[in-house]
Amino acid sequence: TLSSDDYQVADLGLAAFGRKEIQLAEHEMPGLMSVRREFAASKPLEGARITGSLHMTVQTAVLIETLVALGARVRWASCNIFSTQDHAAAAVVVGDGTPESPAGVPVFAWKGETLEEYWECTLKALDWGVEEPNMILDDGGDATMLVHKGSEFAGGVVPDPATADSEEFAIVLALLQRTLAEDSEKYVRMAKSIKGVTEETTTGVHRLYDMHKSGSLLFPAINVNDAVTKSKFDNKYGCRHSLIDGINRATDVLIGGKVAVVFGYGDVGKGCAESLRGQGARVIVTEVDPICALQAAMDGYQVTTMEDVVGSADIFITTTGCKDVITADHMRQMKHQAIVGNIGHFDNEIDMAGLAELPGIVKTEVKPQVHEWRFEDGHTIIVLSEGRLLNLGNATGHPSFVMSNSFANQVLAQIELFGKTGDYPIGVYTLPKQLDEKVARLHLDALGVKLTTLTKDQASYLGIEVEGPYKPEHYRY
Ligand code: NAI
């Protein structure tokens with residue numbers, strides 16, 4: 001069993017419930033479980049010390065136990081203060097006596113962390129005592145960012161937290177000041193030991209490409225998000241399921257007939273717009289990209305600007321990965337009891353800090369992660385998950401079947417980077433198309449899909465092999 005220093009979760013008493021839901025999830029994650037079976041004997045992750053920073057849900061528990069079954073040791077934190085499912089975290093810590101989970105895995109995560117606690121948890125997941133992590137599995141890039149900033153400031157001066165451009169970055173700087181004063185080489189050693197990172201989401205991937213462009217990336221990265229079987233499934237069909245789940249659990253408001261605005265029509269926006277339309281909402285889209293704006297229009301949505309709809313719409317959902325999409329001034333102009341939520345990775349899409357500073361504003365908690373904000377004139381709006389991703393804050397994130405695709409890619413990416421480090425000089429890579437097609441293939445039987453097989457003659461007519469890959473790299477799906 002783990003020592004109590006080796007985990008921090010809400011309540012170990014929830015482990016049995018967590019285990020039950022993990023077992024249900026395993027059945028709904030055929031791709032991930034097939035990867036587990038395929039590599040259980042060869043143990044390609046033997047020797048891997050993986051620090052994970054990814055929403056600590058039931059589905060993530062299946063991912064963690066797959067990494068362990070493949071030989072890895074793992075330490076985990078959530079990548080959001082509201083996204084942990086406490087029963088899943090407890091079950092992973094307790095373990096169930098099987099080879100995947102003999103004595104449990106260190107997890108530092110609970111639902112409703114403060115930002116200080118969040119960063120402490122991230123640090124604990126990175127802190128392997130006398131050893132160092134040698135792999136990161138990241139979602140949004142916070143663990144990667146901590147190692148990079150810690151390395152950047154090693155031996156120099158950490159900027160004064162008071163100069164930080166956000167409350168959260170001030171917390172990161174204070175953490176770095178403290179830990180670098182104790183051990184100035186802490187993060188440099190980590191960075192040297194880390195063979196690579198596999199990154200889950202659009203926003204984390206943007207950060208990696210930026211770092212690589214500026215020459216500051218310290219280890220190679222696999223962009224899992226842009227596997228077709230990740231972003232075209234999880235981001236789209238996952239959000240199509242979990243957006244509406246979050247809104248329902250938070251408010252139970254009837255969505256049919258309401259006017260809902262979806263900001264951004266990328267992969268997430270497409271799924272969100274469809275889920276709201278499926279409930280009978282009249283959906284309006286905003287976009288900055290003419291291609292996505294045209295797609296939205298051709299899909300039958302009205303495309304306009306925030307200014308046109310701010311006073312008349314009932315539900316506002318940001319999906320952009322951009323900042324300041326909904327400002328405090330926008331929120332002031334909204335209808336009484338308009339619902340405001342974000343499903344993008346970071347909380348800066350909605351200006352919550354600006355909202356809190358409006359004169360006369362009063363915030364009342366309806367229940368955790370649901371707040372009513374009363375303006376000076378007496379009208380109110382409802383803000384979900386304090387502007388953080390509402391599908392994980394107000395509901396339980398994406399369901400197992402879609403996460404099976406994402407996490408099968410994650411495991412294949414970990415195996416690839418850990419096992420073939422020499423093939424990956426510092427840079428950002430995507431998985432080969434054969435692996436993408438393999439992940440999709442692993443999910444067909446469960447849905448009763450019968451695939452057509454090309455004849456040799458047809459394949460040579462198309463200029464491809466019978467067994468694929470079926471599309472050129474530039475194909476967009
Ligand atoms: P994407 O790049 O495909 O789509 C974002 C869209 O927003 C783009 O089409 C862009 O043109 C548009 N956009 C950017 N700024 C805008 C603005 N100011 N106003 C209107 N539109 C704007 O990215 P994707 O994959 O859809 O991801 C979006 C965000 O959601 C990212 O932060 C990503 O990390 C996150 N994400 C969250 C998930 C969840 O479960 N909550 C799941 C997957 C991704």
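The values are calculated or read from the model by the stated rules, or taken from the named source; none is laboratory data. Nothing here was measured: the structure is a model prediction, and the numbers come from that model. We place every Cβ from the backbone using ideal geometry, glycine too, and count neighbours over all the protein chains shown. Ligands, DNA and RNA are stripped out before the accessible areas are found, and what is left, the full protein with its side chains, is counted by its heavy atoms. Shrake-Rupley method; radii C 1.70, N 1.55, O 1.52, S 1.80 Å.
Structural remarks
- Single residue of the stretch 329-367 satisfying the filter (of a type in the set (Gly, Ala, Ser) and surrounded by fewer than 18 Cβ atoms within 10 Å (Cβ to Cβ)) that is farthest from Asp267 (Cα to Cα): Gly360
- Test for Ile255: is it surrounded by 20 or more Cβ atoms within 10 Å (Cβ to Cβ), more than 8 Å from the ligand (Cβ to nearest atom) and either of a type in the set (Lys, Arg) or part of a loop (DSSP other than H, G, I, E, B) (or both): yes
- Within the stretch 345-369, residues that are part of a helix (DSSP H, G or I) reach partners that are among the charged types (D, E, K, R) and open to solvent by less than 60 Å² (accessible area, probe 1.4 Å) with beta carbons closer than 6 Å, at six or more positions or on different chains, in the pairs Asp347/Arg388.
- On inspection, Lys323 passes the criterion of being touching a residue at least 24 places away in the same chain (Cβ under 8 Å), in a loop (DSSP other than H, G, I, E, B), open to solvent by 70 Å² or more (accessible area, probe 1.4 Å) and within 13 Å of the ligand (Cβ to nearest atom).
- Residues being of a type in the set (A, V, I, L, M) and either modelled with pLDDT under 95 or open to solvent by 20 Å² or more (accessible area, probe 1.4 Å) (or both) - total across the stretch 258-283: 2
- The lone exception for Phe233 - which of (1) farther than 18 Å from Thr319 by Cβ; (2) in contact (Cβ under 8 Å) with a residue 24 or more places away in the chain; (3) open to solvent by 10 Å² or more (accessible area, probe 1.4 Å) it fails: (1)
- Cβ-Cβ under 8 Å pairs, at least 6 apart or on other chains, the stretch 191-203 side open to solvent by 30 Å² or more (accessible area, probe 1.4 Å), far side more than 10 Å from the ligand (Cβ to nearest atom) and part of a strand (DSSP E or B): Lys195/Met135
- Flag for Val172 being more than 13 Å from Val147 (Cα to Cα), surrounded by 21 or more Cβ atoms within 10 Å (Cβ to Cβ) and hydrophobic (A, V, I, L, M, F, W, C): no
- Index of the failed condition, Asp165 passing every other in (1) open to solvent by 50 Å² or more (accessible area, probe 1.4 Å); (2) under 21 Å from Met211 (Cα atoms); (3) in contact (Cβ under 8 Å) with a residue 24 or more places away in the chain: (3)
- Any pair with Cβ under 8 angstrom, 6 or more apart, that starts in the stretch 283-312 at a residue that is touching a residue at least 24 places away in the same chain (Cβ under 8 Å) and farther than 23 Å from Ile350 by Cα and ends at one that is small (Gly, Ala, Ser) and more than 9 Å from the ligand (Cβ to nearest atom): Asp299/Ala273
- Verdict on Gly215 being more than 17 Å from Phe346 (Cβ to Cβ), out of contact with any Cys (no Cβ under 7 Å at 6 or more places or on another chain) and open to solvent by 20 Å² or more (accessible area, probe 1.4 Å): yes
- Single match in Ala260, Ala273 (criterion: touching a residue at least 24 places away in the same chain (Cβ under 8 Å), more than 23 Å from the chain's Cα centre (by Cα) and closer than 24 Å to Gln369 by Cβ): Ala260
- Wholly within the stretch 390-445, helices (runs of 4 or more DSSP H) carrying at least 3 residues that are away from the ligand (no atom under 16 Å from the Cβ) and either open to solvent by 40 Å² or more (accessible area, probe 1.4 Å) or of a type in the set (A, V, I, L, M, F, W, C) (or both): 400-419, 433-441
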